[in-house]
Amino acid sequence: MDDGFLIRQTLSGKPNAFRLLVVRYQRPLFRFLGGFGLDQAVAEELAQETFLRAYRNLAGYDADKAKFSSWLFTIAKHLAINEKARLRQRASHLDRSDGEVELPGRDSVPGAHEALETAEGRTRVQQALHRLPEVLRSALILAYLKELSMDDIANIECCSVGAVKSRIFRGKQLLRAELAEED
């Protein structure tokens, strides 16, 4: 069953069809949210909120503009960015000096496969990825973790395919530089 069929079934009053969409996308969505440096509990809450918002706004989804997965990940991305801003604001109010958020699990770090072979290597890559600008980190996660096409990433990021390619290229360069500095 393709996404379009499940969406039509949901819109016609069969909520079990949407459950199949949730099952299909819950793990990829959770890993995607983990790539934003959110801890597991927060990522789970945001994934649930993403599905809830998608369900409530399903009638407004336009398959001619984007794939369902792109639309869903766009919702998740906006929620994650808002949550990160809220966490930063909260940390500044608490006068927290380190300002760090728990890093994502090993499954959420794209690239640098040789460094991922050890727990220490995974931690290094996670920390280096976390230091990248949000826009570059997001493009890398979508390209390498989610293995999305350039068109899908462009839809999620609201930019051109050329901009996506540039962000991925710059992100890989910065990630390599961050890892080289640590050596």
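The values are calculated or read from the model by the stated rules, or taken from the named source; none is laboratory data. Every value quoted in this text rests on a predicted model; they were computed, and no experiment measured them. Cβ coordinates were reconstructed from backbone atoms using ideal geometry, including for glycine residues, and neighbour counts include every protein chain displayed. With ligands, DNA and RNA removed, areas are computed over all heavy atoms of the protein, side chains included. Shrake-Rupley method; radii C 1.70, N 1.55, O 1.52, S 1.80 Å.
Quick look at the values:
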| read-out | value |
| --- | --- |
| Output for the stretch 139-183, where each listed residue is aliphatic (A, V, I, L, M) and under 17 Å from Trp71 (Cα atoms) | Ala139, Ile141, Leu142, Ala143, Leu148, Met150, Ile153, Ala154, Ile156, Val161, Val164 |
| Breaking point among (1) modelled with pLDDT of 70 or more; (2) hydroxyl-bearing (Ser, Thr, Tyr); (3) not in a helix (DSSP H, G or I), for Thr123 | (3) |
| Residue within the stretch 138-152 that is modelled with pLDDT of 85 or more, of a type in the set (Val, Ile, Thr) and either buried (at least 18 other Cβ atoms within 10 Å of the Cβ) or over 25 Å from Arg27 (Cβ atoms) (or both) present | no |
| Helices (runs of 4 or more DSSP H) wholly inside the stretch 1-93 that include at least 2 residues being open to solvent by 40 Å² or more (accessible area, probe 1.4 Å) and among the polar types (S, T, N, Q) | 15-34, 40-56, 68-93 |
| Unique match (being at positive phi and more than 14 Å from the chain's Cα centre (by Cα)) among Gly13, Gly4 | Gly13 |
| Subset of the stretch 153-183 [of a type in the set (Asp, Glu) and either farther than 15 Å from Ser138 by Cβ or surrounded by fewer than 16 Cβ atoms within 10 Å (Cβ to Cβ) (or both)] | Glu178, Glu181, Glu182, Asp183 |
| Among the candidates Leu116, Leu103, residue that is surrounded by 14 or more Cβ atoms within 10 Å (Cβ to Cβ), more than 19 Å from Leu38 (Cα to Cα) and modelled with pLDDT under 70 | Leu116 |
| Total residues in the stretch 25-70, condition aromatic (Phe, Trp, Tyr), farther than 22 Å from His130 by Cβ and in contact (Cβ under 8 Å) with a residue 40 or more places away in the chain | 4 |
